[in-house]
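Scroll down for the structure; my scribbles are underneath it.
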Amino acid sequence: MAAITDYATLTTEIGAHMKRTYSAGDTDGFIGNAEGEFRLYLPPNYTLEVGAVSVTFTNGIGALPAVFVRRLSLTIPGVGPVSFVALGTVRNANLFGGTGNPQLAAISGASIITTPTYTGSAALDYEGTLPGLSGSNTTNWLLTNAPQTYLKMCLSYANARLKSLDQANAFRAAALQDLQDLGIQSMVAQQGRVTVTIPGATP
C-alpha cells in the first residue's frame, strides 16, 4: 500500500483497495461525493479555512475565489482597508459616478463591487470551504492532515456502487469518526495546556 499524499495516489489506492480499475470519471465521482460529506460534517474548527488572495478589479468588479464563504477584509495596497456595506448602498453610490480609490464594497453573487469603481488589485482575506481535489488541484489541508479519512469516505461510495451497503456504512462511519477526532485535535491545539475535565469522573 502506497502512502496517500495527493490526488493521484488517492485514486490509485481506491482502485487497489477495491481490486478494480476505475475510470477517472468514476474516481472523481467517489472523491466529489466524499468531499460533499466532509463539507456537511467537518467539525466547527475545521469547517472553514482562512486564505488571502489578490483580487483584480476591472471597472469596480472583482471575482471571488471559487471556495469563498465569508469575507474578512479587503485592502488596497498602499491605501488601506475598504469598508463593506449593503449592496444597494454601493449601487446607489455608483449611479453618481466618481473616481479614485474605493471606499466601500459589497458582495454580489460571485463578485465584489466597489464604489467608486476601481481598476486595480486588492488583497482579500476570506474564509472558504474545503478545496476539492482534482488533476489540477492535487492536494488540500484535509488530505495532508488525514489521508486515511479521504480514503475511507471514497471507499464508502465505491462500495455503495457495488450495493455492498454494510461495507459502505462501515467506511462512512469510520471516516466521520476521523472528522470528530480532527475537531478534538484542533480544540486541544487552540486551548494549549488546559486540563480536560470529564463530568462525574473521580480525579
Answer yes if at least one residue in the range 71-83 is exposed (fewer than 12 other Cβ atoms within 10 Å of the Cβ), among the small types (Gly, Ala, Ser) and either on the phi > 0 side of the Ramachandran plot or touching a Cys at 6+ places or on another chain (Cβ under 8 Å) (or both), and no otherwise.
-> yes
Any idea how many residues of the range 12-21 are farther than 19 Å from Ser136 by Cα and among the hydroxyl-bearing types (Ser, Thr, Tyr)?
-> 1
Going through the range 108-139 in order, the residues found to be surrounded by 20 or more Cβ atoms within 10 Å (Cβ to Cβ) and under 29 Å from Phe30 (Cα atoms) are Tyr126, Leu133
Filtering the range 41-61 down to residues that are over 12 Å from the mean Cα position of the chain (by Cα), modelled with pLDDT under 90 and open to solvent by less than 50 Å² (accessible area, probe 1.4 Å) yields Pro43
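The values are calculated or read from the model by the stated rules, or taken from the named source; none is laboratory data. None of the values given here were measured: they were computed from a predicted structure. Cβ: placed from backbone, ideal geometry, glycine included. Neighbour counts: every protein chain shown. SASA here: full protein model, heavy atoms, side chains in, ligands and nucleic acids out. Shrake-Rupley method; radii C 1.70, N 1.55, O 1.52, S 1.80 Å.
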